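The values are calculated or read from the model by the stated rules, or taken from the named source; none is laboratory data. The shown structure was predicted, so the numbers you read here are calculated from the model rather than taken from an experiment. No Cβ is skipped: glycine too gets one built from the backbone with ideal geometry, and neighbour counts run over all protein chains shown. Surface accessibility is based on the protein's heavy atoms, side chains included, excluding ligands, DNA and RNA. Shrake-Rupley method; radii C 1.70, N 1.55, O 1.52, S 1.80 Å.
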Amino acid sequence: TNGIVLNGNTLTTRTGLFSPTTISGNAILSAGQMVAEFGDLNLGTSMAGANITLTGDMLVQAKAGNLTVGPLTTIAGGTSNLTLQADDLFILSSPGSIVSSGNVVLAPTSVSRGIFLGTAAGSPSPGLKVSQAMINAIDAGGLVIGQSGDSGAVTIGTTTVANPLTVYANGGGGKVLL
């Protein structure tokens, strides 16, 4: 693909359970939102990566499926903020493959969903699991876990971050467990 110019608009896809929305090859995403209403959203696959360039702040969201950043995928954010939002998020790309001087936000779609960070990502409890390998893939001006209004608990295990870390659990009943 040569790029998707959203100009602040939203691109919504509605695929079936076995037909994910997939971006592969070179893609330029302008400011806006890419939302998979149904089905999974894949940024690259295990066989074909995506080389994504952001030219503005971007929300990439899987509302009812998995969001996967494939092992061969790179994201060059420049100064843009990137939000990856899904209840089940998998970042399989190599260390330093998601780069931006802006913030990278990892957040669940469901505001009540728990978040497990670092070694706590091995928890058998349901929730958004952010492993150390996922954190290592991100080289950003700031890493943000959760979003304003999240009410699920954030459990933080042993974690190493290279840049400023912000954790949100400020909704009703939200808490951070260290």
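At a 1.4 Å probe radius, carbon and sulfur cover how many percent of the accessible area of the chain?
Heavy-atom surface of the chain belonging to carbon and sulfur, 1.4 Å probe: 54 percent.
Gain in length, Ser148 to Glu37, computed as 0.36 nm per residue apart minus the alpha-carbon separation, to one decimal in nm?
Taking Ser148 through Glu37 to full extension adds about 37.8 nm, to one decimal.
Rounded, prolate or oblate for region 29-99? Axes are the square roots of the Cα gyration tensor eigenvalues, ordered a ≥ b ≥ c, and the cut-off for rounded is a/c under 1.5.
Oblate shape, in that a/c is at least 1.5 and b/c is the bigger or equal ratio.
Which value in nm describes the separation of the simple spin-label points at Gln132 and Ile4, placed 7 Å from the Cα toward the beta carbon?
For Gln132 paired with Ile4, the spin-label model returns 3.4 nm.
Can you list the HN-Hα couplings for region 163-175, worked out from phi with the Karplus curve (6.51, -1.76, 1.60; θ = phi - 60°), rounded to whole Hz and with x for Gly and Pro?
Residue by residue, region 163-175 yields 10, x, 10, 10, 10, 9, 7, 9, x, x, x, x, 7 Hz.
When only Cα pairs under 8 Å and 6 or more residues apart are kept, what is the percent relative contact order across the chain?
14 percent
Read phi for every residue in region 41-48 and hand back ³J(HN,Hα) as whole Hz from Karplus 6.51 cos²θ - 1.76 cosθ + 1.60, θ = phi - 60°, with x for Gly and Pro.
Result, ordered by residue: 10, 10, 9, x, 10, 5, 9, 9 Hz.
Evaluate the charge dipole of the chain about its Cα centre and quote only its size in Debye, nearest 20, assuming +1 on the Cβ of each Lys and Arg and -1 on the Cβ of each Asp and Glu.
In debye, rounded to 20, the chain gives about 140.
Measuring from a point 7 Å past the Cα of Ser123 along Cα-to-C-beta, which residues in region 81-97 have an amide N at less than 11 Å?
Output list for this probe position: empty.
For volume of the Cα convex hull per residue in Å³, which listed value, (1) 105; (2) 118; (3) 219, comes from the coordinates shown?
Evaluating volume of the Cα convex hull per residue in Å³ on these atoms matches (1).
Distance in nm between label sites at Ser110 and Asn66, each 7 Å beyond Cα in the beta-carbon direction?
My value for the distance between the label points is 1.7 nm.
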